[in-house]
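Peer 1: The structure that follows is given in the form of structure tokens.
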């Protein structure tokens, strides 16, 4: 008798569980069931492209305030003009120590980024000139397209040219950090004496 009651109780429990599984599985086809750590995919922060009622213009992605500088960014306040180039020539001086380590790194950077056009020794005989591109002037004997001898270029003129580019040379500001540009300037001064 006791065994019979246990079987009835067990049968009732199994029937209730099966019925509840059928009932809950048919309720909502879009439901994925229980959520584990829902804050991992239902975040509170706004996406940059979402509307945002917290700002007057309704945009989440806001333009930085005028005059601010991003973290890690070094400002170069000389415009990409002839006047900016001449002003940089007078006012801008190297900001890194003149050490053998900086010189060696400047040489490596020059060989990687500059020598394809300027040549390993800065004579304007890089690989691209063998494929029909006009050669840049030699650092030791050439004439600058902005006037003057290449061997007389100052720190500011070289840095300005690396930052903004000139003629067929594009800007290297996105490839070389300000410190790396100064190291290249240091090495170019060596090439001016060859």
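Peer 1: Just for region 69-85: of the residues that are assigned to a loop (DSSP other than H, G, I, E, B) and in contact (Cβ under 8 Å) with a residue 24 or more places away in the chain, which one is nearest to the chain's Cα centre (by Cα)?
Peer 2: Ranking the qualifying residues of region 69-85, first place goes to 74.
Peer 1: Let me ask something else about it. Please go through region 92-121 and give me each residue that is surrounded by fewer than 16 Cβ atoms within 10 Å (Cβ to Cβ), within 20 Å of residue 171 (Cβ to Cβ) and touching a helix residue (DSSP H, G or I) at 6+ places or on another chain (Cβ under 7 Å), ordered by number.
Peer 2: 95, 116
Peer 1: Additional query: Sort out which residues of region 120-151 are free of Cβ contacts under 8 Å to residues at least 12 places away in the same chain and closer than 17 Å to residue 186 by Cα, and write them in order of number.
Peer 2: 120
Peer 1: Out of all the residues in region 91-114, which are under 21 Å from the mean Cα position of the chain (by Cα), closer than 23 Å to residue 128 by Cβ and touching a residue at least 12 places away in the same chain (Cβ under 8 Å)?
Peer 2: Within region 91-114, 106, 109, 110, 113, 114 meet the criteria.
Peer 1: Right, residue 179: in contact with a helix residue (DSSP H, G or I) (Cβ under 7 Å, 6 or more places away or on another chain), exposed (fewer than 14 other Cβ atoms within 10 Å of the Cβ) and at pLDDT 90 or above or not?
Peer 2: No, not satisfied.
Peer 1: If you scan region 161-176, which residues turn out to be surrounded by 14 or more Cβ atoms within 10 Å (Cβ to Cβ), in contact with a helix residue (DSSP H, G or I) (Cβ under 9 Å, 6 or more places away or on another chain) and in a loop (DSSP other than H, G, I, E, B)?
Peer 2: Of everything in region 161-176, those that are surrounded by 14 or more Cβ atoms within 10 Å (Cβ to Cβ), in contact with a helix residue (DSSP H, G or I) (Cβ under 9 Å, 6 or more places away or on another chain) and in a loop (DSSP other than H, G, I, E, B) turn out to be 171, 172, 173, 176.
Peer 1: Against the definition (at pLDDT 90 or above and under 23 Å from the mean Cα position of the chain (by Cα)), how does residue 159 come out, yes or no?
Peer 2: The answer is yes for residue 159.
Peer 1: Which is assigned to a loop (DSSP other than H, G, I, E, B) and either surrounded by 18 or more Cβ atoms within 10 Å (Cβ to Cβ) or without any contact (Cβ under 8 Å) to a residue 24 or more places away in the chain (or both), of 66, 88?
Peer 2: Going through 66, 88 in turn, just one is assigned to a loop (DSSP other than H, G, I, E, B) and either surrounded by 18 or more Cβ atoms within 10 Å (Cβ to Cβ) or without any contact (Cβ under 8 Å) to a residue 24 or more places away in the chain (or both): 66.
Peer 1: When you go through (1) at negative phi; (2) modelled with pLDDT under 95; (3) surrounded by 10 or more Cβ atoms within 10 Å (Cβ to Cβ) one by one for residue 124, which number turns out not to apply?
Peer 2: Just one mismatch for residue 124, condition (1).
The values are calculated or read from the model by the stated rules, or taken from the named source; none is laboratory data. These figures come from a predicted structure and were not determined experimentally. Glycine gets a Cβ as well: all are built from the backbone with ideal geometry, and neighbour counts include every protein chain shown.
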